[in-house]
Structure formats: C-alpha cells, structure tokens
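The values are calculated or read from the model by the stated rules, or taken from the named source; none is laboratory data. As the structure is a computational prediction, the values presented were derived from the model and not from experiment. Every residue, glycine among them, receives a Cβ derived from its backbone with ideal geometry; neighbour counts consider all protein chains shown. Surface areas here come from the heavy atoms of the whole protein model, side chains and all, with no ligands, DNA or RNA. Shrake-Rupley method; radii C 1.70, N 1.55, O 1.52, S 1.80 Å.
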Amino acid sequence: MDTLNAVIFYILSAICLISGLFCLFHKCTFNAVISASLLLWAVSGLYFLLGASFLAGIQMLLWGVGITIIMMFSIIMTNKDDKDGFLFNLKTLSVPLIGGIFIFLILPFILYQFSGLVNLQSYSAGDFSTLLYKNNAFSFELAGVLVFCVLIGIITILTAKRIMKCRMK
Amino acid sequence: MPNEIISSLNSIDWAALAVPGLCHYLILALIIFVIGIMIMVAGGNLIKIVIGLEFMLNAICINFIAANSFINSANSAINQENTIVSANSSLSQAASLGVMNFTFLNPEGQVAAFIVTVIGVINIAACFGLICAIYYKNKKVDTRILDGLKSNDCPELEECSDGV
C-alpha cells in the first residue's frame, strides 16, 4: 500500500506540474482556467494522501467547483472581443481531460486504503470543528466579517455606475 | 574523486528516498508557488494574474497540511501533553486498529489551511468582481491599459515608455 501511495503521489505531482506549466505558457485564457482547475483537483488528491479528508472535500467544493465556475463566468463576461477564441481541439484539451479522468479514477483507490473510512470521516470533521470553534474562534469570526465586507464592497463597485445614474436623474 | 562520488551515490538508499515524505511535499509546494509567481509576473491578462494567486495560496495550504501530517504527529513530544481528542473518539479507535499512516492529534495545520483557503476564496471572488468592473469601464482586461496612476512627469518613464 505504501508503494501505491508513492505512485499516486508522483502521478498527482506530475499532473500538478504539467497543468501549472500549461497554464503558464498557454495563451488562451479558457484553457488556462481548465488546467488551473485540474491542478486544484490534483491538490485535493494530495490532501487525501496526507490524511486531511475534510479539507480535501472543502478543496474540491470551493476551489475545484466554486472558483472554477467564477473564473469561467468572468471569462464569459469579459472575453467578447477575444480574437483567439476558445481552442476546443484535442491537442489543447488532451492533458486536462486525461488528468481529470485519472483523478476521478484514483480517488476511490486513495479512499480504499482507509478501511475504517466512516470513523476517519467522523474524526476529521468532529475534532477539526472542535479545534476551529474552541481555539481559533476569533480568526474564524474575523474571516466571516471579512466575507461580509467583501460582499458589500463587490456589490458597491459593480452597482456604482447605476447608482450615479439614478442620482443624476 | 570520482570513486568517492560513485561510492557516496551507491550508499544512498534510493528506494527509501523515493517514498514521499515531508521534503517531497515541500518541494512540490515550492514549485507550485514559483509557477504561481511566474504566472502573476508574466500574465498580461488580469484573469491569469488571479490564477497565479490561486496557485500560490494552494502551495501555502499544501505546506500547512504536510507539516501538520509529518511533524505534528502523535509521537511528537508537544502533542503528548496537549491533546484535544477524547478517549472515546473515533481517532483513538482508528489509531488502535493501525488503519491510518498519520495519527495526528492536533490538526492546527489543517485549521490554518482552512482559514487560508476561506480567505483566499474571498479574495479571489473580490478580484473577479473588480475585473468585471474594470471590463465594464475599459472594455478590456489587459494590464497594459491600466495606467491611470502612471506619472507622465517622471523622466525615466518617458525614456522607457516606447509608446506603451
């Protein structure tokens, strides 16, 4: 099982590095976003290998799904005049597709090594939340306040033009 | 001299070195961090700059969790004094069964990674809101058009401007 862990670690690391380099050198923004999303999913696999299953789930939800959707929406809303366009061909999407299929196939193998999977999940969520709310409550509350302030700021920035027009009328 | 190098190379246990340890995760996080910096520096597109920031934050989280898993283990002297896990918790049962490779009792590294993740997601969501606002004003997301604070009185800038 240690050999399997080592093999999976090196494959996930290779996926991270290749997708990072692909994101760095490719000109098309959409393909860069797809490769970045692939890296985020590979990092969640690394979290599983390190025994942080709760954080791996958070990584998948927040970074792999949430931020990817935000990035794609921002590209859609800001990329109307892009002359390069979306390069949907096999050459540019082959690496992300293969990496994505591999990640979805190996995640069950990673989880399979934990025979007491239910116990581990209950530990990871219960003790983690105890430590979060008991010893780090202030930083957690501060993060919540920061979320609130950022939301107000974003709404204000995006609707400032409309507010100015209404006031001028 | 070459014989000494060869003998030293032969004395290294390459099989044990290939087993992923803390160094491997730290090196991987370092490489991802450097790639993020390069994307931020080289990306002329605002969206790619935010992607570089994402890479850097993920590298930080990998560092925290790897340090928590390899250093902050049950065998360390620090955690044998301070433990938050009760005797009836599922962790003690799992550790007694020998299921896990990592038996950490104090996941403070994971808490730090969680806070970094949450704040990073907030930051990136705010960045994309700003990118949309910039696009609505300038109709482009290229970094070269954002020169509103550029001073035209500086002689060094005039020499290097090249019409950009």
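Which FRET efficiency value, to the nearest 0.05, do you get for A:THR130 and A:MET77 by plugging their Cβ-Cβ distance into 1/(1 + (r/R0)^6) with R0 = 51 Å?
Details: r = 41 Å, r/R0 = 0.81.
FRET efficiency, A:THR130 to A:MET77: 0.80.
Describe numerically, in nm with one decimal, the distance between label points set 7 Å from Cα along Cα→Cβ at A:SER139 and at A:ILE157.
In this crude label model, A:SER139 to A:ILE157 measures out at 2.6 nm.
When you count, for each residue, the other Cβ atoms within 10 Å and take the mean per peptide, how do B:136-144, A:62-70 rank with the highest first?
Numbers: B:136-144: 13.2, A:62-70: 18.2.
The most tightly packed comes first, giving A:62-70, B:136-144.
What net charge do the residues around B:VAL116 carry, taking every other residue with its C-beta under 13 Å from that of B:VAL116, with Lys and Arg at +1 and Asp and Glu at -1? If you can, show how the numbers build up before the last one.
Working: positive: none; negative: B:GLU54, B:GLU108.
Once all neighbours under 13 Å are counted, the net charge is -2.
Ignore the peptide's own chain and count Cβ atoms of other chains within 10 Å of each Cβ in B:45-52; give me the average, rounded. List each step's numbers first, then the result.
Working: counts 7, 3, 10, 8, 0, 5, 12, 4.
Going residue by residue through B:45-52 and averaging, the value is 6.
How do B:VAL121, A:VAL7 stack up against each other in accessible area, from largest to smallest, with a 1.4 angstrom probe? List each step's numbers first, then the result.
Values: B:VAL121 25, A:VAL7 70 Å².
Ranking B:VAL121, A:VAL7 by accessible area, largest first, yields A:VAL7, B:VAL121.
Taking 0.36 nm per residue of sequence separation and subtracting the Cα-Cα distance, how much length would be gained by fully extending the chain between B:VAL41 and B:ILE71, in nm to one decimal? Before the final figure, lay out the partial values.
Working: separation 30, 0.36 × 30 = 10.80 nm, distance 3.33 nm.
Extending this stretch completely gives an extra 7.5 nm.
Which value, in Å² rounded to 10, gives the accessible area of A:TYR10 with a 1.4 Å probe and all protein chains present?
About 100 Å², ignoring ligands and nucleic acids.
On average, how many beta carbons from a partner chain sit within 10 Å of the beta carbon of a residue in B:135-145?
For this peptide, the per-residue mean of nearby foreign Cβ atoms is 2.
Once label points are set 7 Å from the Cα along Cα→Cβ at both A:VAL147 and A:LYS27, what is their separation, rounded to one decimal in nm?
4.1 nm
Only residues of the range A:19-37 count here: report those whose backbone N is under 16 Å from the spot 7 Å along Cα→Cβ of B:ASN123, or say none.
It comes to no residues whatsoever.
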